[in-house]
Structures are given as C-alpha cells and as structure tokens.
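Just so you know, all these numbers are worked out from the coordinates, no wet-lab data involved. Source: prediction; values computed, not measured. Cβ atoms come from the backbone with ideal geometry, glycine included; neighbour counts cover every protein chain shown.
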Amino acid sequence: MKVFLTGASGYAGFHAALTLSLAGHSVTGIVRNPGQPRLQVLRMHEIKLIHGDVAQPDSYRAELEQCDAIVHAMLDKKRHFETDRTFFEVLESLSPRRPRRRLVYTTGVSIIGKVDAPILDETIEPNPQHPLSFRRQLEREAFALANVSTVVLRPGFMFGMDGFNSVSTDWFAMAEEGDPVFRGDQEKGWSWTHTSDLAEAYRLAMEADEKTVDGEIFHIVDEHRPKSRDVMRACLDAAGYKGPIRADVPIKGDNISMWFDQNGYSSSQKARDRLGWRSRQDGVIASAERLFAAWTAARALNG
C-alpha cells in the first residue's frame, strides 16, 4: 500500500515508517525540518520525505490524494485542535475510494487521567479535568469522518530505540547530572510500550479488514506494570548512577509530575484478541541497559 505518515521525525512516526517500509509498503512522510540528521536513516530505507506542515494543506494535499492509508502520528502541541481539524478537512476532500482509505489515528492511554479504575481499558472515558482529555474529542471527530475508515491506537509510555521523546531518557540525563528527583506519588506506576511493538501495531491496524477495526480504539501496552520509581532506578543504574533519588512534590512546568501523578496501568487484551498484536520486547526495567546504550549511540549520531 501507499502510506502517508505524519510525524515522520517524531518518536512514534519515525519507527512506524521504518516498520511499514520493511513490510513492503511505500511510505511518504511529511516533515517540517528535512535537514535533521536522523532523517537520513529513513531515506536510506527508501522512505520518501516531503517538506511540509500538516497545518498547511497545500504542502501535502497532492501526496495525500495518492495514498491508500494514512498514519497520523503527530500532535501539534500549540494548535492541536486547529491542526488536526485542518487535516480532517483535507481527508474529507479527497477523491472517494472503495474500499475507503484507512486512517490510523494516534492518541495515548495517558489521555484518561485519574479515574476510579485499577486497570484502564477502551471502555473507560477520560477524566474531563485531565489536561490531555481534549484528545478524546479529537478521536470522536476522527471517527466521524465519512471518507476514511478510522482506527485509534493508544500507546502507553513509550521507550526503546533512540529514546527520542521518552521519559526513560529524561532519567538517563538526570543520572549524568547527578541529582535525580522523583516527584509526586512514590508508589504510582504506568503502562509502557516499546516503540517497535507500537510500530507493529500500526502495521496490523493499517492492514486489517475494515470490519475488524473501523471505529475501534486499541490500547497498545506491554504486560509489565512496574512502579515508575522502580523504572527510574533501573534507568539510573544503567547510566552508572548508584546514588539516592530525591523525593519531591510535583511542580508546575514539569508535566510528567503534574499530569501523571497517579497509576496508569492499562490492558491491551482487545488488541491481542482483535488485531493479533503481542508485545515482543522485554519490559522497560529489563531493557534498561540496552536502552541506555541505544540512547548514547543516537546522541552521537545526531551530534
């Protein structure tokens, strides 16, 4: 299939592009800064990159018209509603196809926030007070599109590979600074997703028949449910820091401590049952030493 992918330079999109290309799909990614060194890896894997902005339809409309499937793996942090709604309008204006083009839309299990449930699944609605709950409205708008068949993927906290935008690499950086601080509830824990497992979920969701995925949400998380402080400890150890971890309160400006100061364990049972998806990677704690080595290598590659 011809695949159009947003967020090709981001954490989820970058590795999704590689997986989809290796699976035999023709991938075109849109990037705002085509000169990033890491993008050379995509080019070497025969992935076409175009210079554009999702908020500016003229920069990509012609490419989108040619595609069979769309993977939307980016979030405009400054204009999330405006940018995604612009993208939705472009999708609705494309020449109709039968079967319809597949839209794989990305949000995250973290949009749910603090709710009275020990394990989060796709039936639980987000806490409206949570700062990321607005993404539920965007999910609904994506499902309402008539010109595409939409499926939503919600990954957990991402880790693995270059660690481009992972909390785990924040902790590697803290180890180097020598004063790691864990803020908020010391007993909280989150579900995690290795980026290669997420990339495989994109492939499965994109290739599945319409009856299986149209209008469906899938949580994409591994089966490990560690305490977040234990993950931090493993990352610090892997980076060579054996000293203490300071405990402190959440602070404004530190979104990890402010937005996610609660348990966020989730279930991927639906993805296993409906998509045949399985997490094939070790959990974030067992992988910590490999993750640190990969992060170190990526920093050297990107200068």
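Structural remarks
- Length-normalised contact order of segment 82-149 in % [C-alpha pairs under 8 Å, at least 6 apart]: 45 percent
- Among beta bridges from DSSP that stay inside the chain, the antiparallel ones total about 5%.
- Per residue, the chain reaches -10500 deg cm²/dmol at 222 nm when only DSSP H runs of four or more residues are counted, each adding -39500 (n - 2.57).
- Mean Kyte hydropathy of 1.6 or more with a Cα span along the axis of at least 30 Å, helices from DSSP in the chain: none
- Positive end of the dipole of segment 118-227 (Cβ unit charges, origin at the Cα centre): among ALA208, HIS219, PHE143, the Cα lying farthest that way belongs to PHE143.
- Binning the alpha carbon pair distances of the chain at 20 angstrom intervals from zero yields the distribution 34, 59, 8, expressed in whole percent.
- Between amide H atoms placed 1.01 Å from N, distances below 5 Å from LEU49 occur with GLY29, all of them 5 or more places distant or on a separate chain.
- Peptides 224-232, 15-23 ordered by average Cβ neighbours within 10 Å, highest first: 15-23, 224-232
- Charged-residue dipole, Cβ positions (Lys, Arg, Asp, Glu), the chain about Cα centre, Debye nearest 20: 300 debye
- Net charge of neighbours whose Cβ lies under 12 Å from the Cβ of GLN281, counting Lys and Arg as +1 and Asp and Glu as -1: -2
- Over segment 10-80, the alpha carbon radius of gyration divided by the compact-protein estimate 2.2 N^0.38 Å works out to 1.07.
- Its Cα centre serving as origin, segment 111-223 has a Cβ charge dipole (Lys and Arg +1, Asp and Glu -1) of approximately 380 debye.
- From most to least packed by mean Cβ count within 10 Å, the peptides 117-129, 198-210 give 198-210, 117-129.
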